[in-house]
Amino acid sequence: MPRREPRIRIGSPAHTVFEYILMLIGSLIMAASFNCFLNPNQIATGGVSGISTIVQHLTGLSPAITQWALNIPIFLLALWLLGGQFGVKAAVGSVVFPLCVLLTSHLGIPTQNPLLASVYGGIGVGLGLGIVFRGRGSTGGLGLAAQMLHKYTGLSLGFSVAVFDGLVIVSSALVFTPENALYGLIGLFVTTKTIDVVQLGFNYAKVAFIISDHQDAIRKAILYDLDRGLTELNGSGGYTGESRTVMMVVVKQNEVSRLKALVQSVDPQAFVILSETNEVLGEGFKKHA
């Protein structure tokens with residue numbers, strides 16, 4: 001079967017436009033979630049948006065103004081210290097997200113229950129941010145600040161992000177209440193998990209590594225009975241030093257039991273390692289975007 005070409009070729013003008021559309025859609029979803037759930041319930045889940053919630057409570061300043069006032073200088077500082085690696089998208093994101101917050105500032109408030117607000121707000125922000133990431137974009141803000149901290153202190157990027165988000169949440173505990181900060185942590189956790197779902201999807205699979213003295217029979221069982229391809233890797237025993245073939249095969253969740261049964265029927269002594277993988281691209285699984 002000939003390989004199908006993607007509908008929109010990566011790098012083409014149409015693909016670039018598509019990525020900017022994803023950035024806009026994601027920013028609108030994030031802004032709506034911020035205005036409907038997080039901001040009115042005084043839940044700061046980190047980032048510049050969390051800072052804008054705190055500033056609004058203290059000064060009455062519109063969150064969009066605070067976000068512009070922070071995003072633009074942070075972007076310019078990152079551009080100066082880290083170089084032009086961020087490109088146009090980070091600049092656009094730094095301006096567009098606060099604009100979306102301003103445009104959706106008059107939306108209604110579906111709930112005043114802080115737990116529901118943190119969960120649904122976290123889902124909405126995670127969904128929107130995941131879509132922005134799918135468009136290879138950025139909303140700027142403390143993400144860029146974390147990259148600067150990472151470069152000049154040697155701290156890991158993940159820890160640098162956690163530092164800034166942690167400072168925002170701790171500040172919300174001082175300005176609002178410790179309970180609000182706990183709701184902020186819930187929202188941040190839900191956001192992180194939702195981004196993973198948007199980025200990786202629900203197509204979980206298993207990768208199996210099989211070592212057996214009956215590799216030919218197992219290979220045939222996988223190829224013809226299970227109807228899955230496999231890859232053979234060259235290895236050697238750590239104790240004996242003998243050369244061994246390691247068979248690697250990726251299967252869907254509903255094929256795991258059948259794979260184990262096939263291997264056991266051929267060689268009950270086979271050594272099998274099963275590991276979860278979040279996304280598999282290629283024939284028989286998910287098509288390349």
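The values are calculated or read from the model by the stated rules, or taken from the named source; none is laboratory data. None of these values were measured; they are calculated from a predicted model. FYI the Cβ positions are ideal-geometry reconstructions off the backbone, even for glycines, and counts take in every protein chain you see. Only protein heavy atoms, including side chains, enter the accessible area calculation; ligands, DNA and RNA are left aside. Shrake-Rupley method; radii C 1.70, N 1.55, O 1.52, S 1.80 Å.
Comparison of 55, 17 shows that the only residue that is assigned to a helix (DSSP H, G or I), without any contact (Cβ under 8 Å) to a residue 40 or more places away in the chain and closer than 24 Å to residue 108 by Cβ is 55.
Among the residues making up the range 129-152, those that are part of a helix (DSSP H, G or I) and under 16 Å from residue 198 (Cβ atoms) are 129, 130, 131, 132, 133, 134. Just a yes or no: is a residue in the range 150-159 surrounded by 16 or more Cβ atoms within 10 Å (Cβ to Cβ) and either modelled with pLDDT under 85 or touching a His at 6+ places or on another chain (Cβ under 7 Å) (or both)? So far as the range 150-159 goes, yes, one or more of its residues are surrounded by 16 or more Cβ atoms within 10 Å (Cβ to Cβ) and either modelled with pLDDT under 85 or touching a His at 6+ places or on another chain (Cβ under 7 Å) (or both). Examine the range 160-167 for a residue that is of a type in the set (A, V, I, L, M, F, W, C), open to solvent by 30 Å² or more (accessible area, probe 1.4 Å) and within 14 Å of the chain's Cα centre (by Cα), and state whether such a residue exists. Yes, the range 160-167 has at least one match.
Could you tell me whether the range 57-72 includes any residue that is over 21 Å from residue 136 (Cα atoms), buried (at least 22 other Cβ atoms within 10 Å of the Cβ) and out of contact with any Pro (no Cβ under 7 Å at 6 or more places or on another chain)? Among the residues of the range 57-72, at least one is over 21 Å from residue 136 (Cα atoms), buried (at least 22 other Cβ atoms within 10 Å of the Cβ) and out of contact with any Pro (no Cβ under 7 Å at 6 or more places or on another chain), which makes the answer yes.
Here's the yes/no breakdown for (1) at pLDDT 90 or above; (2) more than 21 Å from residue 175 (Cβ to Cβ); (3) acidic (Asp, Glu):
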position	(1), (2), (3)
5	no, yes, yes
19	no, yes, yes
31	yes, yes, no
48	yes, no, no
52	yes, no, no
58	yes, no, no
77	no, yes, no
89	no, yes, no
99	yes, yes, no
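Within the range 103-112, the presence of a residue that is in a helix (DSSP H, G or I), more than 15 Å from residue 64 (Cα to Cα) and open to solvent by 30 Å² or more (accessible area, probe 1.4 Å) is excluded. Between 99, 155, 76, the distinction of being assigned to a loop (DSSP other than H, G, I, E, B) and not basic (Lys, Arg) belongs to 155 only.
On inspection, residue 81 fails the criterion of being open to solvent by 70 Å² or more (accessible area, probe 1.4 Å) and either part of a helix (DSSP H, G or I) or in contact (Cβ under 8 Å) with a residue 40 or more places away in the chain (or both). Among the residues here, residue 92 qualifies as open to solvent by 30 Å² or more (accessible area, probe 1.4 Å), in a helix (DSSP H, G or I), in contact (Cβ under 8 Å) with a residue 24 or more places away in the chain and of a type outside the set (Asp, Glu). Would the range 130-137 turn up any residue that is among the aromatic types (Phe, Trp, Tyr) and buried (at least 16 other Cβ atoms within 10 Å of the Cβ)? Yes, the range 130-137 contains at least one residue that is among the aromatic types (Phe, Trp, Tyr) and buried (at least 16 other Cβ atoms within 10 Å of the Cβ).
Checking each residue in the range 217-251 for being among the hydroxyl-bearing types (Ser, Thr, Tyr) and more than 18 Å from residue 272 (Cβ to Cβ) picks out 224, 236, 239, 240, 243. Of the residues in the range 232-251, not one is within 30 Å of residue 126 (Cβ to Cβ), surrounded by fewer than 18 Cβ atoms within 10 Å (Cβ to Cβ), at pLDDT 90 or above and of a type outside the set (Lys, Arg).
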